[in-house]
Amino acid sequence: MGAAIIIRGENWDAEMNYQRFFEDAIDQLHAERRYRVFADLERMVGKFPRALWRAGGRTQEITVWCSNDYLGMGQHPDVVKAFQEAGGRMGSGAGGTRNISGTSNPLVELENELADLHGKEAGLVFTSGFVSNEASISTIARLLPNCLILSDELNHASMIEGVRRSGAEKKIFRHNDMAHLESLLQAAGRERAKFIVFESVYSMDGDIAPIKEIADLAEKYNAMTYIDEVHAVGMYGPRGGGITEREGLADRIDVIEGTLAKAFGTLGGYITGTTAVIDAVRSYAPGFIFTTALPPAIAAAATTSIRHLKASQVERDAQQRQAAHTKHILSAAGLPVMPSVTHIVPILVGDPELCKMATDRLLGVHGIYIQPINYPTVPRGTERLRITPTPFHSDQLIMELQSALVETWNALGIPYSTAGRPAVAESERIVPLLVPKSGG
């Protein structure tokens with residue numbers, strides 16, 4: 001007999017089946033077509049974006065079209081060399097938290113490099129972009145008395161978690177709606193502490209925040225600002241400082257957050273700001289204090305990548321050219337390319353089951369890997385394929401992608417639609433441009 005269980009005053013003689021709750025939760029994901037399947041991939045240095053895919057006991061070479069390694073810096077010879085040399089000298093791990101022997105010299109150099117990248121006094125590195133957002137937003141808001149957080153409705157889950165963990169009052173403003181944001185700021189009054197958190201590039205739609213207007217409102221109503229530049233650092237600006245650098249606005253934003261795991265091709269997240277803000281987060285954020293530091297080999301590789309992209313425009317130019325070419329070629333085929341002014345190329349499917357079927361067919365039939373983007377990452381009815389062209393996706397690969405998508409749309413009966421298709425500006429018409437050789 002199982003132990004007696006008291007539920008709402010009733011004595012039940014039953015044995016708790018713990019596994020059933022987890023099985024039911026997974027069954028619900030399957031029923032809603034939201035269950036995620038991970039592809040077993042092996043990236044190959046020198047052949048990016050080609051990779052080996054292992055499934056069902058077989059291995060196949062495929063093309064990856066959804067990598068966040070936007071510029072292929074994860075395979076750049078100088079970055080790989082820095083990683084190998086630092087690992088050979090200092091070993092594979094950091095050896096402790098930042099406070100307990102984990103602050104390596106490569107990590108100190110990395111934080112200085114990041115502060116310089118954004119024109120800030122100091123930088124602080126975390127083990128991931130999720131942690132940097134969650135820990136920083138929650139800590140800053142907790143340290144501000146009676147803080148009101150104003151958060152864009154399309155902010156990333158890591159930002160939402162930071163807002164929630166702060167315990168502060170929050171108001172959600174409609175996406176990029178400055179009139180709505182101003183009404184909330186005005187209602188709060190100038191005297192109350194206010195913290196505006198938003199992104200520069202929103203990665204599912206590829207649109208950009210009105211950063212200048214937000215900075216203007218923050219100044220007008222005495223608010224503090226925090227921008228997530230994870231999809232923009234390395235990609236925009238003359239030195240890869242992101243949209244804030246490109247638009248000359250970095251000095252008007254209090255905290256700039258970014259990642260090392262996308263355009264810089266390594267791992268980790270970070271914030272930059274004044275010495276006082278960075279020191280406060282360093283001293284009070286549990287997500288920073290109680291976790292092992294980033295390994296020195298990764299820190300050295302990240303610093304090398306950042307330094308390279310500060311000096312080189314080749315990768316950014318080639319990536320922008322290939323992104324524009326991809327939008328043009330796919331739109332010309334009648335595929336429902338959603339509007340995007342950035343390197344993100346979303347293609348609307350609008351149904352979770354069809355989205356999953358499309359990605360399965362692209363991989364199994366055409367050797368093309370694009371992960372489906374379904375709810376809750378995007379709203380129901382806007383399920384999509386999210387394509388991220390890199391400098392290494394050649395014109396030939398783009399034509400192969402077009403053919404595969406058209407075949408898949410026809411085979412599965414996915415609707416073609418011109419709704420939401422971006423007009424291809426004259427500046428996006430294709431001109432010859434040398435693409436970096438694979439491997440950097």
Query raised in the report: Taking the Cα centre of the chain as the origin, how large is its charge dipole in debye, to the nearest 20, when only Lys and Arg (+1) and Asp and Glu (-1) carry charge on their Cβ atoms?
Result: 440 debye
Query raised in the report: Based on the alpha-carbon gyration tensor of segment 83-166 and its eigenvalue square roots a ≥ b ≥ c, which shape applies: rounded if a/c is under 1.5, prolate if not and a/b is larger than b/c, or oblate?
Result: prolate
Query raised in the report: Any idea of the accessible area per residue across the chain, 1.4 Å probe, to the nearest Å²?
Result: 45 Å²
Query - DSSP beta bridges in the chain [antiparallel fraction, %, rounded to 5] - result: 65 percent
**Report entry** Shape of segment 335-407, Cα gyration tensor, a/c cut at 1.5
**Finding:** oblate
Report task. Mind checking which of 304, 258, 325 is farthest towards the positive end of segment 253-382's charge dipole, using Cβ charges of +1 (Lys, Arg) and -1 (Asp, Glu) about the Cα centre? Result -> 325
Query - Computed label-point distance, nm, for sites residue 15 and residue 311 using a 7 Å Cα→Cβ extension - result: 6.8 nm
Query raised in the report: Using alpha-carbon pairs under 8 Å, 6+ residues apart, how would you state the relative contact order of the chain in percent?
Result: 20 percent
Report summary line: On the formula 1/(1 + (r/R0)^6), with r taken between the Cβ atoms of residue 222 and residue 282 and R0 of 22 Å, the FRET efficiency rounded to 0.05 is 0.30
Query raised in the report: Can you give the calculated 222 nm mean residue ellipticity of the chain, where each DSSP H run of n ≥ 4 adds -39,500 (n - 2.57) and the sum is split over every residue, rounded to the nearest 500 deg cm²/dmol?
Result: -12500 deg cm²/dmol
Report summary line: Expressed as a percent, the accessible surface of the chain that is carbon or sulfur, using a 1.4 Å probe and the full set of protein chains, is 54 percent
Requested in this report: Could you size up the charge dipole of segment 173-237 around its Cα centre, putting +1 on the beta carbon of Lys and Arg and -1 on that of Asp and Glu, and report it in debye to the nearest 20?
Outcome: 300 debye
Report task. Could you sort out which of 212/262; 47/81; 171/220; 194/310; 220/310 sit more than 22 Å apart by Cα distance in this structure? Result -> 212/262; 194/310; 220/310
Report summary line: Per the 1/(1 + (r/R0)^6) rule, R0 = 51 Å and r from the Cβ atoms of residue 183 and residue 55, FRET efficiency to 0.05 is 0.50
Query raised in the report: Not counting the cut sites, what is the longest span of the chain without chymotrypsin sites (Phe, Trp or Tyr not before Pro) that DSSP labels loop and that have at most 11 other Cβ atoms within 10 Å?
Result: 39-289
Query - Where Rh is the Kirkwood radius over Cα pairs, Rg/Rh for segment 113-271 - result: 0.94
**Report entry** Euclidean distance between Cα centres, segment 184-242 to segment 110-125, Å
**Finding:** 18 Å
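The values are calculated or read from the model by the stated rules, or taken from the named source; none is laboratory data. In this text, all values refer to a predicted model and were calculated from it rather than measured experimentally. All Cβ positions, even for glycine, are placed from backbone atoms using ideal geometry, and neighbour counts span all protein chains on display. Only protein heavy atoms, including side chains, enter the accessible area calculation; ligands, DNA and RNA are left aside. Shrake-Rupley method; radii C 1.70, N 1.55, O 1.52, S 1.80 Å.
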